[in-house]
Amino acid sequence: NAGVTQTPKFQVLKTGQSMTLQCAQDMNHEYMSWYRQDPGMGLRLIHYSVGAGITDQGEVPNGYNVSRSTTEDFPLRLLSAAPSQTSVYFCASRGGANNQPQHFGDGTRLSIL
Amino acid sequence: DQQVKQNSPSLSVQEGRISILNCDYTNSMFDYFLWYKKYPAEGPTFLISISSIKDKNEDGRFTVFLNKSAKHLSLHIVPSQPGDSAVYFCAASASGSARQLTFGSGTQLTVLP
């Protein structure tokens, strides 16, 4: 059972480049979300989705786009990378019932030069 | 303004003793609280949760206490083991918000053998 799978694990980009962080889950979870973790700040919500075709902004959405065309996949796109987006990115999913804990992937460590 | 605060960045305890990790919140709409554990280079893993209708929840060596009037929760680990050494995140959510999680900044627990 793979759970939540994130690719790539590491990536280095130059300022202005674009890229997509991939996230896939095999648990048929309705809710998926993206967080970034920065030193001393915990995890902050970027975007989330409550089901295929539905997305919404979290606390820090600027500079990121998401789409949810299938239940399984929830890619995060950086449109024009900036050094401030250097961070560790985590994808998570949970079932639709309330009070279900979120399951996290192992993260993507992204450096913007 | 941080709605969930973990004021102790680090905590060291001796193996076999009790570890107490603390968390404070400011949003009175939060009604569900979770603790996650995170090892380096891995994603956070769910540890234990508590609903606001309870003041205590136990799972083996882990107990979470909730004091709603003080807007404070704590995680007790008894007895502490070296394998418990990790970063512990407190998180909270409110109903009607797609159960988005708001995280604290984390506490690094080190259990000394």
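Here are the numbers for the structure shown:
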item	result
Area hidden from solvent between B and A (accessible, protein heavy atoms only, 1.4 Å, total, Å²)	1600 Å²
Charge dipole (chain B, unit charges on Cβ, about Cα centre) - positive-most of B:Phe65, B:Ser80, B:Gly106	B:Phe65
Packing-based order for B:99-106, B:53-60, A:103-110, using average beta carbon neighbours within 10 Å, highest first	B:99-106, A:103-110, B:53-60
Amide proton proximity set for B:Lys54, modelled H, under 5 Å, gap of 5+	none
Alpha carbon convex hull of segment A:45-113, volume per residue in cubic angstrom	92 Å³
Among A:Thr7, A:Val50, A:Asn28 - extreme Cα towards positive end, dipole of chain A, charges at beta-carbon	A:Thr7
Peptide A:27-39, shielding by other chains (average Cβ, 10 Å cutoff)	2
Average beta-carbon neighbours from other chains, 10 Å sphere, peptide B:45-54	2
³J(HN,Hα) computed for each position of segment A:62-72 - Karplus, 6.51 cos²θ - 1.76 cosθ + 1.60, integer Hz, glycine/proline x	5, x, 10, 10, 9, 8, 9, 7, 10, 5, 7
Where only alpha carbons of segment A:7-84 are counted, the Rg and the Dmax (Å)	12.7, 36
Top of A:Gly16, A:Gly42, A:Gly96 by mean-square fluctuation, Gaussian network on chain A, Cα under 10 Å	A:Gly42
Table column - 3J(HN,Hα) (Hz), segment A:45-60, Karplus curve with 6.51, -1.76, 1.60, x for Gly and Pro	6, 9, 9, 8, 9, 9, x, 4, x, 10, 9, 8, 7, x, 6, 10
Accessible carbon and sulfur surface of chain A relative to its total accessible area, %, 1.4 Å	48 percent
Virtual spin-label span in nm between A:Met19 and B:Tyr39, 7 Å along Cα→Cβ	2.6 nm
Most fluctuating residue given options B:Ser74, B:Ser52, B:Ser93, as computed from a GNM of chain B linking Cα atoms under 10 Å	B:Ser52
Surface per residue (accessible, 1.4 Å probe) for segment B:28-69, Å²	52 Å²
Threshold 20 Å² - residues in segment B:81-113 whose accessible area is reduced by that much or more when the chain is no longer isolated, probe 1.4 Å	B:Phe89, B:Ala98, B:Arg99, B:Gln100, B:Leu101, B:Phe103, B:Ser105
Segment A:1-104: trypsin sites (Lys or Arg not before Pro) in DSSP coil with no more than 11 other Cβ atoms inside 10 Å	A:Lys9, A:Lys14
Rg and Dmax of the protein assembly as shown, Cα atoms only, in Å	17.5, 51
Mean-position separation - Cα centroids, segment A:12-75 and segment B:41-97, in angstrom	25 Å
For chain B, convex hull of alpha carbons as volume per residue, Å³	101 Å³
Sequence-distant residues sharing a close amide H with B:Ser85 (under 5 Å, placed H)	B:Val111
Note, ³J(HN,Hα) from phi for segment B:50-66, Karplus 6.51, -1.76, 1.60, rounded to Hz, x at Gly and Pro	8, 8, 5, 7, 10, 10, 7, 9, 10, 8, x, 7, 10, 9, 10, 10, 10
Sequence-distant residues sharing a close amide H with A:Leu13 (under 5 Å, placed H)	A:Ser111, A:Ile112, A:Leu113
Summed side-chain charge close to A:Gly95 - residues other than A:Gly95 whose Cβ falls under 12 Å, Lys, Arg +1, Asp, Glu -1	+1
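The values are calculated or read from the model by the stated rules, or taken from the named source; none is laboratory data. Small disclaimer: the values here were computed from a predicted structure and weren't measured. Neighbour counts are summed over all protein chains in view; Cβ atoms, including those assigned to glycine, are modelled from backbone coordinates with ideal geometry. Note: areas computed on protein heavy atoms with side chains; ligands, DNA, RNA excluded. Shrake-Rupley method; radii C 1.70, N 1.55, O 1.52, S 1.80 Å.
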